[in-house]
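The values are calculated or read from the model by the stated rules, or taken from the named source; none is laboratory data. None of the values given here were measured: they were computed from a predicted structure. Methodologically, a virtual Cβ is constructed for each residue, glycine included, from the backbone with ideal geometry; neighbour enumeration extends over all protein chains shown. Side chains are part of the model used for accessible areas, which takes the heavy atoms of the whole protein and leaves out ligands, DNA and RNA. Shrake-Rupley method; radii C 1.70, N 1.55, O 1.52, S 1.80 Å.
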Amino acid sequence: MSKRILFFILFSWLASAAFPAFAQQKTDMVYTFRFVPRKDMFYVPWNDNGKELARLLECIESNKPDIVEGRLPLYVDGYCNSGKSERASLAIAGTRSNRVKSELITRKGLRENNFITRNHASKGDFVTVRIILPKEKVPVIAEDTHPGYEEEKEQSHRENDKATETIQDTEGAKVSTGQENQPESVLSASSTTLGLSLRANLLRWATLTPDLGIEWHINPSWG
């Protein structure tokens, strides 16, 4: 009986010691920076890179002591699949990773040993920076980056494109019917209904040479 009690006490102590380690959940925070295909320059204002950089700098500032002392490394992964060869793509990906790291070193005083860097000749033209944070240190997601934000942004782009196409179609219809270059006064003074209509050229009235006419419409095309 004493052995069972001793085993139970030992098991309970080990469980209580290990529980905090299992209870501490961690979350990956990933920040993505886009690059122009076949280019290695880091354009901060381009393609929402500025917003993403601001979020990353805020996260670094909140966890800077742990990052500087090596407890929270920054995982940098560079990607490129637009090079002329795999070797060229890897070289571009490496340069891109260095550009992003240089930006963080300059702005936040980090060092090279604060990063763990890997480069890949695949997937696309971007660089990701990943920080593994304890759940309680995860920053609040901004309103413009909530889940579903990308889908909403794409929908907005599609609606803008559709509106642009509608405007272009309307302008094209005006050109094809010859209405684009006609004075608005002439267009507004004419009638398209069947029967009799009164016509006047307001431009001639403005030059003190008034005229007035009556038109009988046989059909919508002839009068």
Output wanted: per-residue J couplings in Hz (rounded whole) for the range 74-89, from phi through Karplus 6.51 cos²θ - 1.76 cosθ + 1.60, θ = phi - 60°, x for Gly and Pro.
9, 8, 10, 10, x, 10, 7, 10, 10, x, 6, 8, 4, 5, 5, 5
Local electrostatic count at LYS108 - Lys and Arg +1, Asp and Glu -1, tallied over other residues with Cβ under 12 Å
+1
Any of LYS26/LYS64; LYS84/LYS108; LYS84/LYS123; LYS26/LYS123; LYS39/LYS64 with alpha carbons more than 23 Å apart? Name them for me.
LYS84/LYS108; LYS26/LYS123; LYS39/LYS64
Using a simple spin-label model with points 7 Å from Cα along the Cα→Cβ vector, what separation in nm is obtained for ARG204 and LYS39?
5.8
If you take the beta carbon distance between TRP46 and VAL68 as r and set R0 to 45 Å, what does 1/(1 + (r/R0)^6) give as a FRET efficiency, to the nearest 0.05?
0.95
Separation of the GLU61 and SER82 label points, Cα + 7 Å toward Cβ, nm:
3.1
Judged on accessible area alone, 1.4 Å probe, highest first, LYS84, LYS101, LYS39, LYS26 line up as LYS84, LYS26, LYS39, LYS101
With contacts defined as alpha carbon pairs under 8 Å and 6 or more residues apart, what's the relative contact order of the range 27-144 in percent?
40
ARG111 and ASP211 label points (each 7 Å along its Cα→Cβ direction) are spaced in nm at 8.9
